[in-house]
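Values quoted throughout were computed directly from the atomic coordinates according to the rules given, and no laboratory measurement underlies them. Quick caveat, the model's predicted, so the values are computed rather than measured. Here Cβ is always computed from backbone atoms with ideal geometry, including for glycine, and neighbour counts include all displayed protein chains.
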């Protein structure tokens with residue numbers, strides 16, 4: 001059997017968790033890296049650890065490393081890392097959501113992932129795919145989630161390293177969105193014999209969870225997630241500060257206002 005190896009960033013969010021499930025279902029040997037970069041929503045890292053433990057309990061081993069980048073990144077200008085900036089609310093594609101961009105974040109993460117993947121590839125003489133959960137819904141606000149950005153990075157890393165032929169990028173969701181990601185996760189989780197609600201209860205998408213880790217349901221990231229669960233006919237199992245019906249009603253209202261539709 002051909003050894004399939006993937007190196008991926010595991011944020012503890014919905015997209016990277018879905019990607020991890022897909023890779024495992026497809027028979028990959030999965031290596032994950034989580035990054036502590038001083039983000040306000042650090043609960044996502046705890047949720048990632050919870051899912052890794054859940055996988056292990058059910059016979060699915062994932063190799064994991066946590067990398068501390070707080071000294072390098074916690075001072076970067078972003079609503080995600082700067083306590084003097086409030087997390088903006090509204091639709092995910094609105095202009096104010098650019099406040100949640102962390103300068104050069106994905107380039108920093110990708111560089112570390114590439115170095116780790118290349119080290120593994122050279123050491124074990126195996127091809128390694130760097131898998132990322134970026135998707136089309138991110139493109140409007142996050143320029144470092146766009147396909148041309150990763151194409152340029154891949155070329156630069158190829159030029160700047162020996163043995164780069166052993167490493168490639170895998171972006172399976174680049175033309176998809178939250179709903180298609182969730183539908184794919186449903187299939188992968190079923191293949192793995194796991195419980196969908198347990199997996200996604202162990203995730204965080206909110207940029208401004210409360211002290212108990214509950215999502216307010218009001219940030220753009222929250223709204224996008226809520227609408228995706230609604231689209232696939234499920235209630236989101238993650239904890240919200242208000243009942244599901246209320247956060248869903250709010251998300252639908254935000255979407256209608258953004259699209260210019262009268263409720």
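Numbers for the structure displayed
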{"quantity": "Pairwise centroid distance, computed over Cα atoms, of segment 170-201 with segment 224-260, Å", "calculated": "18"}
{"quantity": "Rg and Dmax [Cα atoms of segment 172-263; Å; Rg one decimal, Dmax integer]", "calculated": "13.6, 43"}
{"quantity": "The chain: most fluctuating residue of 253, 71, 16 per GNM, C-alpha cutoff 10 Å", "calculated": "71"}
{"quantity": "In degrees, nearest ten, helix 105-124 long axis to first principal axis of the chain (Cα)", "calculated": "30"}
{"quantity": "Cα-based shape type of segment 1-131, given that a ≥ b ≥ c are square roots of the gyration tensor eigenvalues and the cut on a/c is 1.5", "calculated": "prolate"}
{"quantity": "Residue with peak Gaussian network fluctuation, the chain [Cα springs, cutoff 10 Å], from 211, 158, 29", "calculated": "211"}
{"quantity": "Helix axis angle, 244-259 relative to the chain longest principal axis, alpha carbon, degrees", "calculated": "90"}
{"quantity": "Pairwise FRET efficiency - residue 175 versus residue 246, Cβ, R0 = 35 Å, nearest 0.05", "calculated": "0.60"}
{"quantity": "Residue-averaged [θ]222 nm for the chain, counting only DSSP H segments that reach four residues, each worth -39500 (n - 2.57)", "calculated": "-13500 deg cm²/dmol"}
{"quantity": "Share antiparallel - DSSP beta bridges, the chain, percent rounded to 5", "calculated": "5"}
{"quantity": "Sequence ranges 197-207, 231-241, ranked by mean other-Cβ count within 10 angstrom, highest first", "calculated": "197-207, 231-241"}
{"quantity": "The chain: most fluctuating residue of 94, 186, 129 per GNM, C-alpha cutoff 10 Å", "calculated": "94"}
{"quantity": "Descending principal axes extents, the chain, alpha-carbon based, whole Å", "calculated": "57, 41, 33"}
{"quantity": "Between 0 and 90°, nearest 10: helix 14-25 axis offset from the chain longest Cα axis", "calculated": "40"}
{"quantity": "Between segment 153-168 and segment 82-128, the alpha-carbon center distance in angstrom", "calculated": "18"}
{"quantity": "Distance in nm between pseudo-label sites at residue 3 and residue 71 (7 Å out along the Cβ direction from Cα)", "calculated": "3.4"}
